[in-house]
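Worksheet for the structure shown next.
The values are calculated or read from the model by the stated rules, or taken from the named source; none is laboratory data. All figures in this text were calculated on a predicted structure; none of them were measured in a lab. Ideal geometry is used to build each Cβ from the backbone, glycine not excepted, and the neighbour counts take in all protein chains shown. Remember, those area values only see protein heavy atoms, side chains included, never the ligands or the DNA or RNA. Shrake-Rupley method; radii C 1.70, N 1.55, O 1.52, S 1.80 Å.
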Amino acid sequence: MKASYAANPQQSLGRTYLERSSNSRSEFQRDRDRIIHSTAFRRLEYKTQVFVNHEGDLYRTRLTHSIEVSQIARSVARILQLDEDLTEAIALAHDLGHTPFGHAGQDALNTCMQSFGGFEHNLQSLRVVDHLEKKYADFDGLNLSFETREGILKHCSLKNAKQLGDVGLRFIKKQQPSLEAQLTNIADQIAYNHHDIDDGLRSGLISVEQLCEIELFSIQYQKVKQKYPKLEITRQIHEIIRRMIGSQIKDLVKTSQKNIANAGVKTIEEVRTSEALICSSEEIIKQNQQLKNFLRQNLYYHHKVYRMTRKAHQIIEALFDTFLEDNRLLPPEHQSYANTALQKEGKTGQARIIADYIAGMTDRYAINEHHKLFGYGEVF
Ligand code: MG
């Protein structure tokens, strides 16, 4: 059962290249399946979330993060009677454009690209599905439906929006995307806030005592402690985190249902011209902010994470500068893209091809590439 304001695959605004519809799968199911079979999706397994991929086998990667986002988003989509397939497609694709080394990699690449239009991972996710995947005989990219592409592009500057055609329009008109897209955006935040607590505790960089200063954590901590006073610490942490996620979802559903009812939206068109409807309550937003600040100060800026961040910057910058200086150091395929782009669009075009190549690297590939180019004793 789906609500009238849910995205409807039969009324999709379509794909860039016309394709015959499938007898067995909806347009959004096809989008999801194309994403799962993409090269960029497989690479997510070896890309950092917070911890660099080889630091430990139990930490989140971009892949497990995307699957967690999809789980949270789909369960809420079902309650709100939205389109689960579209929600899943957006969730699985939302981080396809992420660089190696997490945010450190994105910041470094953005710095490198300053004179060439900058680099933004969210925009890059769209670029991956629109252009960079080369799998189909008839087109570049995955030729996804408008609704999935709209959901992938969470934010965008006005300058970029003007160059993006259909998916850029809503930023110019100041409109909202589908409820499925709004939901996936919030599910992303719920997922990373909570799994970063879990990974942070596992790594020993943050402690339960520190986290007890955070309202969202301490409420559940007290409840678990009271109910299971002798529970071992690892189970205790899991109990706390799953309850935290549960209470966030409950609040999100309740607040969003209220917003949808108050706005009286009946169709996806009305959703687009309304204000954002999938939201957490004011109180939860405030508490989440406290949690985010805590994670920033104590985990993302922890000196051990910072040291890795610094190294990531150096690797990305060195690769970018060297490739820009000498195209011939790129693998042949990228070399030919870079040469064509250089002829057509000058240095800016060439820089974009290099950014695409670096953004597509996994953590390990980037480290190896750096070693091959700058390490002694290895030529190839
Ligand atoms: Mg994400």
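For the stretch 14-26, the criterion of being open to solvent by less than 20 Å² (accessible area, probe 1.4 Å) and within 24 Å of C156 (Cα to Cα) is met by no residue. Among the residues of the stretch 123-161, those that are without any contact (Cβ under 8 Å) to a residue 60 or more places away in the chain and under 16 Å from the mean Cα position of the chain (by Cα) comprise L123, S125, L126, R149, E150, L153, H155, C156.
When R34, R43, R25 are screened for being of a type outside the set (A, V, I, L, M, F, W, C) and within 16 Å of the ligand (Cβ to nearest atom), only R43 passes. For the stretch 83-97, residues that are under 20 Å from I245 (Cα atoms) and either away from the ligand (no atom under 15 Å from the Cβ) or touching a Phe, Trp or Tyr at 6+ places or on another chain (Cβ under 6 Å) (or both) total 1.
If I filter the stretch 113-122 for residues that are charged (D, E, K, R) and over 13 Å from the mean Cα position of the chain (by Cα), do I get at least one hit? Checked the stretch 113-122: no residue is charged (D, E, K, R) and over 13 Å from the mean Cα position of the chain (by Cα).
Going by what's in this entry, would V69 be described as near the ligand (Cβ under 10 Å from one of its atoms) and either modelled with pLDDT under 95 or part of a helix (DSSP H, G or I) (or both)?
yes
Taking the conditions exactly as written (open to solvent by 70 Å² or more (accessible area, probe 1.4 Å), under 24 Å from H131 (Cα atoms) and either without any contact (Cβ under 8 Å) to a residue 12 or more places away in the chain or touching a helix residue (DSSP H, G or I) at 6+ places or on another chain (Cβ under 9 Å) (or both)), does K372 satisfy them or not? Here the answer is no, as K372 does not meet what is asked. Residues of the stretch 293-324 that are at pLDDT 95 or above and of a type in the set (D, E, K, R): E317, D321.
Only residues that are within 16 Å of the ligand (Cβ to nearest atom), within 22 Å of R243 (Cβ to Cβ) and not polar (S, T, N, Q) were counted in the stretch 154-205, giving 13. Checked against (1) surrounded by 18 or more Cβ atoms within 10 Å (Cβ to Cβ); (2) closer than 22 Å to D196 by Cβ; (3) β-branched (V, I, T); (4) within 15 Å of the ligand (Cβ to nearest atom), V76 passes all but a single condition, namely (4). Among the residues of the stretch 190-222, those identified as among the charged types (D, E, K, R) and more than 26 Å from the chain's Cα centre (by Cα) are E209, E213, E215.
Here the stretch 98-118 is the region considered, the condition is being more than 16 Å from the ligand (Cβ to nearest atom) and of a type in the set (S, T, Y), and the residue that is surrounded by the fewest Cβ atoms within 10 Å (Cβ to Cβ) is S115. For the stretch 129-170, the candidate set comprises residues that are aromatic (F, W, Y) and under 23 Å from R352 (Cα atoms); within that set, the residue that is surrounded by the fewest Cβ atoms within 10 Å (Cβ to Cβ) is Y136.
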